[in-house]
Amino acid sequence: LYALVHVNGSDNLSVCDERWWAEWEKVTNFNLGNTCCILKKEDSTDLVLLKVAFGETVIRWRFLSLYRILERGYLKSILQKLQQEFMKAPKDTVEEASHRLDDEYSQFVALVKDHDMSSFFEDFATCIESLSDSMNKYAIMLKRDLSNNRSSKNSKYENGVFLCYKVRCSIVHAGASALVIEEFSDADDALRSLVTPLENAVMKYLDISTI
């Protein structure tokens, strides 16, 4: 098993063989927290997804691969709650799980709040604002979608989560009213900026921090 991590936000990758876990902090610019997926080798799925994400050269697939890590995070939360409560109230627990699955945005917001990732999604919203001001058509349409669907009472990070979710939908063509990324010639330019706060959020979620 190998671990790949992004180094200083560049496209360079640092590779560490499993035999050298104890030496990791000495040879990289990252600190691995106690909950880091790289250290929890009994469940390496997050690590596999991280390797896939940083191995992607097409920006939209890189964005989507990073998003999948956070998506898996809120799905794991739903599964854990189901497993914990099922024997106590099977019908109610299944109904609640089904309801939560139908509301991906709310689960995403909860994950961001629980893992202290709010600042990164505030950055995401700010990035959309800047791109929109620069007349990026893809960002302008995302901002319009936000205006049409969100209340002024929503916090900036909640708006950032909504926008990130909408980017994901535009890539996978989810929902009849979703933007279709292929319709915007400047979408990839926008994603090159938007992927940075998403990468930072993922690293925070995985408990990998820069030293």
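Filtering the range 100-147 to residues that are within 17 Å of the chain's Cα centre (by Cα) and at positive phi leaves only Asp116.
Test Ser134 against the stated conditions and say whether it is under 22 Å from Ile69 (Cα atoms), modelled with pLDDT of 95 or more, polar (S, T, N, Q) and open to solvent by 40 Å² or more (accessible area, probe 1.4 Å). No: the conditions fail for Ser134.
Counting just the residues of the range 178-205 that are of a type in the set (Ser, Thr, Tyr) and assigned to a helix (DSSP H, G or I), which one comes out nearest to Phe121 (Cα to Cα)? The residue in question is Thr196.
All of (1) open to solvent by less than 20 Å² (accessible area, probe 1.4 Å); (2) farther than 20 Å from Glu71 by Cβ hold for Ser147 with one exception: (1). Return the total of residues in the range 178-206 being over 14 Å from the mean Cα position of the chain (by Cα) and open to solvent by 40 Å² or more (accessible area, probe 1.4 Å). Selection size over the range 178-206: 8.
Of all residues in the range 76-119, those satisfying the criterion of being surrounded by 14 or more Cβ atoms within 10 Å (Cβ to Cβ), at pLDDT below 70, of a type outside the set (Val, Ile, Thr) and assigned to a helix (DSSP H, G or I) are Ser77, Lys81, Leu82, Glu85, Glu96, Ala97, Arg100. In the range 45-64, is there at least one residue being of a type in the set (D, E, K, R), crowded, with 16+ Cβ neighbours inside 10 Å, closer than 17 Å to Phe108 by Cα and at pLDDT 70 or above? Yes, the range 45-64 contains a residue that is of a type in the set (D, E, K, R), crowded, with 16+ Cβ neighbours inside 10 Å, closer than 17 Å to Phe108 by Cα and at pLDDT 70 or above.
The values are calculated or read from the model by the stated rules, or taken from the named source; none is laboratory data. Computed from a predicted model, the values in this text were never measured in an experiment. Ideal geometry is used to build each Cβ from the backbone, glycine not excepted, and the neighbour counts take in all protein chains shown. Ligands, DNA and RNA are stripped out before the accessible areas are found, and what is left, the full protein with its side chains, is counted by its heavy atoms. Shrake-Rupley method; radii C 1.70, N 1.55, O 1.52, S 1.80 Å.
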